[in-house]
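See below for the structure under consideration.
The values are calculated or read from the model by the stated rules, or taken from the named source; none is laboratory data. Computed from a predicted model, the values in this text were never measured in an experiment. Neighbour counts run over all protein chains shown; Cβ positions are idealised from the backbone, glycine included. Ligands, DNA and RNA are stripped out before the accessible areas are found, and what is left, the full protein with its side chains, is counted by its heavy atoms. Shrake-Rupley method; radii C 1.70, N 1.55, O 1.52, S 1.80 Å.
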Amino acid sequence: MPTTYQNPRFDYRRCADQEPGATAHHPVVVVGAGLVGLTAAVDLASRGVATLLLDEDDTVSFGSRAICFAKRSLEIADRLGVGERIRDKGITWNRGKVFLRDREIYGFDLLPEPGHAYPAFVNLQQYYVEEWLVERAHQLGLTEIRWKNRVLEAVQESACVRLTVETPEGPYAITCDFLLACDGARSQVRRSLGLAFTGQVFQDRFLIADVVMKADFPTERWFWFDPPFHPGRSVLLHRQADDVWRIDFQLGWEADPVAEKQPERVLPRLRAMLGERRFELEWVSVYTFQCRRLERFRQGRVFFLGDAAHQVSPFGARGGNGGLQDADNLCWKLAAVLAGQAPEALLDSYDAERVPAADENILNSTRSTDFITPKSAASRAFRDAVLELSEDHAFARRLVNSGRLSLPCSYAGSPLCTPGESREESGEAALPPGSPCPDAPVLDSERTGEARSDWLLRRLGDGFTLLLALEPRTPLPAGLAALAGESPPVRPLLVSSGPRDSGGLPLLIDAEGLVAARCGLQPGAALLFRPDQHLAARWPRFDPAAVRAARDRALGIAATAEQEVFAT
């Protein structure tokens, strides 16, 4: 098969840990240099945490794999320094179409409003992102990546995790304070600890074909139910970079997964769909829908992320995006614990926040699977009736489920959130605690004194930030600057509708009013954001003592009995 991408090869190198003598110890070890493991290593490095990253291979992934990077994932990637490369290389899309047999029944737009740094989705082959994350890890200089280092066993001891690592020169042992298992659906760390998934494996199979072709299809997500070129089944079409197109064919449970990957089976399906268009086959895979997870993602000193923790069907782009949000959630907490700014109990909130997020993804993925592959004559009749109605009736379109596409998770029920004012006090548009901060265009006068265009999320940064809405003539409240000098600091960030005296504090001008509209900001309101840019607390007026209490609560510093929820 031809290829539009040449996998880099990374050398195996013998390390000092392999020398005879005492077992080497590392504060943090990440297992698996895939999309999620590399993201975690880069995130930790950006926060000053040195990490050892182990991978059994010597290159990035083969085949396109995860291709649909959702807006929230792109914003995380931007914070880590690779977002613009993904956007510039990838295929931007916001729109999609749904077809029934040979006709379009409706279209949709996932990001109809302007004023965002990133689109709803960018399609890009996973191997590009992994390669750039490797480069970024080297740039930051705090990540040691050991290729051809396969973890054979992980054993929890009273004060550490002991790992046995296989290399081309034989095995060696190391220990670590914390282990991040990012080694995928077949996680050896998970097996080693004797942990099992609970959930469903659906009796259906799908074929992925990456096809290289020049095609005039628009840059949209197209999904067919019962198309004439693949009757009785479903098909998904996505465009990727380098004139590569991802096509998913539903095969049915009876399909032989080995035989279906052979060109003599794949090519006739593609010719029936693409007609006389010239194409070349680049990569083929067959997968089964699975919606499963571990009971807990934290197991003592071991944390499971991405496919090692949970599995969902590909429709909806919830797998890779969910894994990136796992890393985004855990790494700032781990950095705070290692820096002595938070108790180790903070790490229990990884379970409290990401297990419900996984359940939300599994629920949506299961519903998509049930709609795409009806299990009975009654459910198929319902599905077909909904599709027929959706052509002319908007209400029916809400019932069509070809993959509810990934959205950022809100941690509204998290014990790290400080309950705020009621909706009557804050307004219906107010951003609730636990929500990720929405992006918006701003004018930034922080550095030069002259306003320049920027984006809210870029100015929010990766620490605790207090967003304070002040009108141009409103005096600065006392106590703001002191917060920035504390440990950990809370950085004040003023937002105003026009130029004003900032007293030397960073100032963003909300010239278009979109920060106020999307965050529900009233004049005088104060919003405290966590290092992962989720809202920790909000108040109608700035109160330094309340800000400190909310910061401490977000760090798991137990001030109230409510935070005993961590242990449940």
Taking every eigenvalue of the Cα gyration tensor of the range 270-321, multiplying by 5 and rooting it, what semi-axes result, largest first, whole Å? 37, 11, 8
For the chain, dividing by residue count, accessible area per residue (probe 1.4 Å) in Å² works out to 40
Note: Glu344 to Leu267 extended length (0.36 nm per residue) minus current alpha-carbon separation gives 22.3 nm
Any chance you could tell me what percent of the C-alpha pair distances in the range 178-310 go past 25 Å? 42
Taking the simple approach of a point 7 Å from Cα along Cα-to-Cβ for both Tyr287 and Ala394, what is their distance in nm? 3.3
Mind checking which of Ser158, Ser234, Gly184 is farthest towards the positive end of the range 101-248's charge dipole, using Cβ charges of +1 (Lys, Arg) and -1 (Asp, Glu) about the Cα centre? Ser158
Inter-part distance where the range 343-403 and the range 260-274 are each reduced to a Cα centre, Å: 29
Would you kindly state how much longer the chain becomes between Arg191 and Gln203 on full extension, computed as 0.36 nm times their sequence separation minus their alpha carbon distance, in nm to one decimal? 1.9 nm
I need the helices of the chain that pass two filters: whole DSSP H segments spanning 27 Å or more by Cα along the axis, and mean Kyte-Doolittle score no lower than -1.0. 319-338, 349-372
With R₀ set to 25 angstrom, the calculated FRET efficiency between the beta-carbons of His138 and Gln6, to the nearest 0.05, is 0.85
Going toward the positive end of the dipole of the chain, with +1 on Lys and Arg Cβ and -1 on Asp and Glu Cβ, which of Pro488, Val386, Val122 do you reach last? Val386
Need the C-alpha centroid separation for the range 1-80 versus the range 185-213, integer Å. 20
How much length is gained if the chain between Leu111 and Ala385 is pulled fully straight, taking 0.36 nm per residue apart and subtracting their Cα-Cα distance, in nm to one decimal? 95.8 nm
I need two numbers for the range 300-409: Rg to one decimal and Dmax as a whole number, Cα atoms only, in Å. 18.6, 59
Roughly how big is the chain's charge dipole about its Cα centre, with Cβ charges of +1 (Lys, Arg) and -1 (Asp, Glu), in debye to the nearest 20? 540
Add +1 for every Lys or Arg and -1 for every Asp or Glu among the other residues with Cβ under 11 Å from the Cβ of Ala66, and state the total. +1
Can you list the residues, at least 5 places off or on another chain, whose amide H is less than 5 Å from the amide H of Trp245, using H built in the peptide plane? Val211, Val212, Met213, Gln240
Could you look at the chain and say what percent of its accessible area is carbon and sulfur, using a 1.4 Å probe and all protein chains? 50
Kirkwood Rh, Cα Rg: Rg to Rh for the chain? 0.98
Suppose each label sits 7 Å from its Cα in the direction of the beta carbon; what would the Asp552-Asp243 distance come out to in nanometres? 6.3
Using the Cα centre of the range 356-412 as the reference point, and only Cβ charges (+1 on K/R, -1 on D/E), how large is the resulting charge dipole? Debye, rounded to the nearest 20. 80
